[in-house]
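The values are calculated or read from the model by the stated rules, or taken from the named source; none is laboratory data. Computed from a predicted structure; not experimentally measured. In this analysis, Cβ positions are derived from the backbone assuming ideal geometry, glycine residues included, and neighbour counts consider all displayed protein chains. To get the accessible areas, we keep the full protein, side chains included, count just its heavy atoms, and leave off ligands, DNA and RNA. Shrake-Rupley method; radii C 1.70, N 1.55, O 1.52, S 1.80 Å.
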Amino acid sequence: MLALFETLALEAGREIMHIFEAGCAVESKADSSPVTDADRASERIILEGLRASFPGIPCVAEEETAAGVRPGEIGSAFFLVDPLDGTKEFVNRRADFTVNIALIRDGAPEVGVVFAPCSGRFFSGRPGLAETLWVGEDYSVVARQRIGVREQAMPPTVVASRSHNTPETEDYIAALGMAEIVSVGSSLKFCLLAAGEADLYPRFSRTMEWDTAAGDAVLRAAGGMTRTVNGAPLAYGKRNLPDDVDFSNPFFIARGR
């Protein structure tokens, strides 16, 4: 399954970069978030591949969900797909947008890949093994290296959202004291923790499960964890929420060791 995730992410990344280089129109969804042909093309590649190889596992994908397409029952295992996380970064021609594919099992992200096609950074994770991959110009994997979270540095390095910072996030970081701040878009924030390049990722603004699942899977495979502000592991497959839409996340804090 992880090999398929990697192959599909590379194929989707190649198509995203074709569109990135050629340019494309930007539309707005019902929630005012942007969507492009790159989002749709990437999602089509990924979903066709997943459904052909694993027809019995439901898929939950950002653009299908926005169009009102979602499985009736997801059961104990399902795929979560964000075909282009960081569309705002893509539109503004910044490099840190990603392709995200994850398997959720019993409410936890078990397998995941995160590929940033513009920068070439690629991370994958399954239980007990997280890796960074080197990708060649032909979009093939040319090398791999195991990664893991580090003991928290003092002062800690904190990654924060470039596009979605909030006063609550700033207050949390201020309470840490002399923290070093790294601003980065998309799910790469989880991966910096997984690779031992940062220590904390506090998120006190809105996210959806497809935004976080793949990066969270890599982080957990590397020895880290994502928890809500109440200390519970961030759970996936949330539906019929009393005060929010399906698959929405509460605020959370991701940590290395």
Residue list for region 222-246, filter: under 14 Å from the mean Cα position of the chain (by Cα) and touching a residue at least 60 places away in the same chain (Cβ under 8 Å): TYR236
Selected residue (criterion: nearest to the chain's Cα centre (by Cα)) from residues of region 52-76 that are under 21 Å from THR36 (Cα atoms) and open to solvent by 60 Å² or more (accessible area, probe 1.4 Å): ALA66
Residues of region 229-254 being open to solvent by less than 10 Å² (accessible area, probe 1.4 Å) and assigned to a strand (DSSP E or B), which ones? SER248, PHE252, ALA254
For the condition more than 16 Å from the chain's Cα centre (by Cα) and among the charged types (D, E, K, R), what is the one hit in ARG146, ARG203? ARG146
Among what's in region 218-228 and is touching a Lys or Arg at 6+ places or on another chain (Cβ under 8 Å) and not in a strand (DSSP E or B), pick the residue that is surrounded by the fewest Cβ atoms within 10 Å (Cβ to Cβ). GLY223
Given the condition surrounded by fewer than 16 Cβ atoms within 10 Å (Cβ to Cβ) and under 20 Å from ASP211 (Cβ atoms), answer yes or no: does some residue in region 9-27 qualify? yes
Looking only at region 149-172, and only at residues there that are of a type in the set (Ser, Thr, Tyr) and over 13 Å from GLY196 (Cα atoms), the one that is nearest to the chain's Cα centre (by Cα): SER161
ALA143, sole failed condition from (1) at pLDDT below 95; (2) open to solvent by 30 Å² or more (accessible area, probe 1.4 Å); (3) out of contact with any Ser or Thr (no Cβ under 6 Å at 6 or more places or on another chain): (1)
Tell me which residues, restricted to region 30-64, are of a type in the set (Ser, Thr, Tyr), on the phi < 0 side of the Ramachandran plot and modelled with pLDDT under 95. SER33, THR36
I need a count of the residues in region 77-89 that are closer than 21 Å to PRO117 by Cβ and open to solvent by less than 10 Å² (accessible area, probe 1.4 Å). 7
Pick from region 162-185 the residues that are crowded, with 17+ Cβ neighbours inside 10 Å and closer than 26 Å to HIS18 by Cα: which of them is modelled with the lowest pLDDT? ARG162
Does region 20-36 contain at least one residue that is acidic (Asp, Glu) and over 19 Å from GLY136 (Cα atoms)? yes
